[in-house]
Amino acid sequence: MRLYAQGSAGFGVASSSFDLIGAALFGPSALSSEEASQIAGTAEEKARKMRDEKFRRELNQQNLVVHDMADDGNCLFSAVAHQIYNDPELHVTTRAQCYNYMERNRSYYSGFVLEDFDKYLSKQRNNKEWGGHLELRAFGEIYNRNVIVYDELHVLGS
């Protein structure tokens, strides 16, 4: 997730990182494999940019503002920090709040984790560990807000 959308009803995490499906075919003597790879990379980048622009336009039509977040494993926590504190650099704070909350409510959250819950919490407290649905659920409860996930295909609420 590298984007999130901010609106009046809550906050949403937006993802536009889908892979391009398809390939360009070249004859054996037409291009070297390096040239073909560069062209394919350029085509994928152009297609990604076009999808991203369309995605932003669609969210803007819903009166949502899209903010870029670094795609670094802290992106979910940065997006929440931006929404709650207006400062994505406070991702360490939102990460700690999330896992402290989950630990206090272990009887509920441990049932959704396949590995040992204490190991999961210990790993997830580390910088640059990706958060997911469980963390979104916890944030909704912590801040008493609706969390809506926007992606290019549909909108999911939690």
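Read the figures in this text as sums done on the coordinates, not as results from a lab. Everything numeric in this text was worked out from a predicted model, so none of it was measured. All Cβ positions, even for glycine, are placed from backbone atoms using ideal geometry, and neighbour counts span all protein chains on display.
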In straight Cα distance, which lysines are under 29 Å from K119, not counting same-chain residues fewer than 8 positions off?
-> K128
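So what is Rg over Rh here for the stretch 44-91, counting just Cα atoms and using Kirkwood for Rh? List each step's numbers first, then the result.
Details: Rg = 12.6 Å, Rh = 11.9 Å.
Rounded to two decimals, Rg/Rh equals 1.06.
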Please report, for the Cα atoms of the stretch 69-158, the Rg to one decimal and the Dmax as a whole number; what are they, in angstrom?
-> 12.8, 35
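Subtracting the Cα-Cα distance from 0.36 nm times the residue separation, let me have the gained length for S122 to N144 in nm, one decimal.
On the way: separation 22, 0.36 × 22 = 7.92 nm, distance 2.49 nm.
Roughly 5.4 nm would be gained on extension.
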In nm, give the distance between the simple-model label positions of E152 and E45, each being 7 Å from the Cα along the Cα-to-Cβ direction.
-> 1.7 nm
Where Lys and Arg each count +1 and Asp and Glu each count -1, what net charge lies around E89 among other residues with Cβ under 15 Å from its Cβ?
-> -1
Arranged by the count of other C-beta atoms within 10 angstrom, fewest first, what order do I148, I142 take?
-> I142, I148
Taking the Cα-to-Cβ direction at R106 and at Q61 and moving 7 Å from each Cα, how far apart do the two end points lie in nm?
-> 4.8 nm
